[in-house]
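The values are calculated or read from the model by the stated rules, or taken from the named source; none is laboratory data. Fair warning: this is a prediction, and the values are worked out from it, not measured in the lab. For neighbour counting, all protein chains shown are included, and Cβ atoms are generated from backbone atoms with ideal geometry for every residue, glycine included.
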Amino acid sequence: MKKKKRPFLAVLLPALLIAISLSAVYLLFLKRDMGVAPKRPAIGFTPAAVKKVPRKHTDGADMGMPLEIGVNKASWRPKVAIIIDDLGYHRDLDLQFIRLDLPLSFAILPWAPFTKAATQEASGRGREILLHQPMEPRDYPCIEPGVGALLLSMDEALLKGTLHKNLRQVPGARGVNNHMGSSFTENRGKMSMVLRELKKLGLFYVDSRTTNETVGLEEAKKIGVPAAERTIFLDNNPAREAISGQIRKLMMAAKRSGSAIGIGHPYGQTVDMIRKYQNALKREVFLVPVSELVR
C-alpha cells in the first residue's frame, strides 16, 4: 500500500506548491491595484482634455444679461425729455428748435402771433406738442401771464371754457404744462378743477414747478391724471456756459434717478447749446418725448 501512494504524493506536492505560489502572486498584484493612489500630475499642469478657458468679465452676463457690451450699456441708459416752452412769439427761433434732429417736446402758447405756424411745423415733423397754459403768477396783475390765462378769480365753468378755447388754438396737443402759475399751482381747489378736465380729455400734465409750493403733481396723482414735473430749467441764466452746465446736470440727474425732464426757452444760446450737445444726448441717454415720462 505504501509503495502505491508514493507516486501520487510525488505529483500532488509540487502541484500544491505551484498553486500556493500563484495565489500569493495574485494577491500581491491585487493589493497593489487597490491600495496605491494614482500618480498626480505636476503642479501647474492641466491635462489638455480638461484645460479651462480663462473667464472674461461680462458685466453681469452670468445673471442672464446680454453679452454684447454695446447692447448692455444701451439697455441701462436713462431717459431724458426736453420741453421747449413759450413757442409762438419768435418764429425763426421756434423753427430752429423744431427742425433739430431730436425728439424734443414743444409747449406752445395760445393766441400768440406764430402759434399756428409753430403748431403746424411741429405737427408736420411728428414732434410732440403741449399747450403751454398761462396761469396766474404770484405778483399778478403786476406780472401779466398773457392771453388765455387761468386766474384764481375764475369759477369752474370759466376755467374749463378758457382751457377748451386755448386747446383749440393748439390742435394736436397731447398734454399741458403751466406758463408762470406760481400762485395758481399752489391752489389745490383750482388745480383739481383743471386736472379733472384734463383727465376727461385724455391729456397729461407736466408741472413746470415755478414755485416750490406747487400741488400740481400731487393733485394729478390723486385724480389719476398722467403727470410728471420739471427737474431742471436749462436757461434761467441764458449765458452759454451756464446752459452747458445745466445740460450736463440734466444728464447726471437722469443717471441718478433713471429719468429727468429739462425745460428750455426759445433763446439763440439755448438752441446753440442743445445743438452742441446733440451727439452727447444721443450717446449717453435716451432722449424721449415727455409723454414717455409721465406716470
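Of the set (1) surrounded by fewer than 18 Cβ atoms within 10 Å (Cβ to Cβ); (2) in a strand (DSSP E or B); (3) not acidic (D, E), all apply to K282 but (2). Cβ-Cβ contacts under 6 Å between residues 6 or more apart (or on different chains), taken from a first residue in region 86-102 that is without any contact (Cβ under 8 Å) to a residue 60 or more places away in the chain and more than 21 Å from F286 (Cα to Cα) to a second residue that is β-branched (V, I, T) and buried (at least 17 other Cβ atoms within 10 Å of the Cβ), are listed as G88/I108; G88/T115. Output yes when any residue across region 195-214 is in contact with a Lys or Arg (Cβ under 7 Å, 6 or more places away or on another chain), within 30 Å of D101 (Cβ to Cβ), acidic (D, E) and modelled with pLDDT of 95 or more, and no when none is. Within region 195-214, one or more residues are in contact with a Lys or Arg (Cβ under 7 Å, 6 or more places away or on another chain), within 30 Å of D101 (Cβ to Cβ), acidic (D, E) and modelled with pLDDT of 95 or more. Under 8 Å between Cβ atoms, at least 6 apart or on separate chains: pull out the pairs that start in region 129-151 with a residue that is within 17 Å of N166 (Cβ to Cβ) and end on any residue that is in a strand (DSSP E or B) and of a type in the set (D, E, K, R). Between residues of region 129-151 that are within 17 Å of N166 (Cβ to Cβ) and residues that are in a strand (DSSP E or B) and of a type in the set (D, E, K, R), the close pairs are H132/D85; H132/D86.
Residue check: C142 meets all listed conditions (1) surrounded by 15 or more Cβ atoms within 10 Å (Cβ to Cβ); (2) farther than 21 Å from F286 by Cα but one, namely (1). Taking region 228-282 as the range and being closer than 20 Å to H179 by Cβ, of a type in the set (S, T, N, Q) and touching a residue at least 24 places away in the same chain (Cβ under 8 Å) as the test, the residues that pass are T231, T270.
Looking only at region 60-101, how many residues end up being part of a loop (DSSP other than H, G, I, E, B) and either at pLDDT 50 or above or loosely packed, with under 15 Cβ neighbours inside 10 Å (or both)?
Taking region 60-101 and keeping what is part of a loop (DSSP other than H, G, I, E, B), we get 60, 64-68, 76-78, 88-90, 99-101.
Pick out the ones that are also either at pLDDT 50 or above or loosely packed, with under 15 Cβ neighbours inside 10 Å (or both) and you get 60, 64-65, 67-68, 76-78, 88-90, 99-101.
Looking only at that region, the number is 14.
A122 is checked against (1) in a loop (DSSP other than H, G, I, E, B); (2) closer than 18 Å to G264 by Cβ and fails just one. What number does that condition carry? Only one criterion is unmet by A122, namely (1). For region 161-176, the criterion of being without any contact (Cβ under 8 Å) to a residue 40 or more places away in the chain, closer than 23 Å to L287 by Cα and not in a loop (DSSP other than H, G, I, E, B) is met by no residue. Among the residues making up region 182-207, those that are under 29 Å from the mean Cα position of the chain (by Cα) and of a type outside the set (A, V, I, L, M, F, W, C) are T185, R196, K199, K200, G202, Y205, D207. Selection over region 194-253 of residues that are within 13 Å of V294 (Cα to Cα), basic (K, R) and part of a helix (DSSP H, G or I) gives a count of 1. Of the residues in region 258-269, none is in a helix (DSSP H, G or I) and β-branched (V, I, T).
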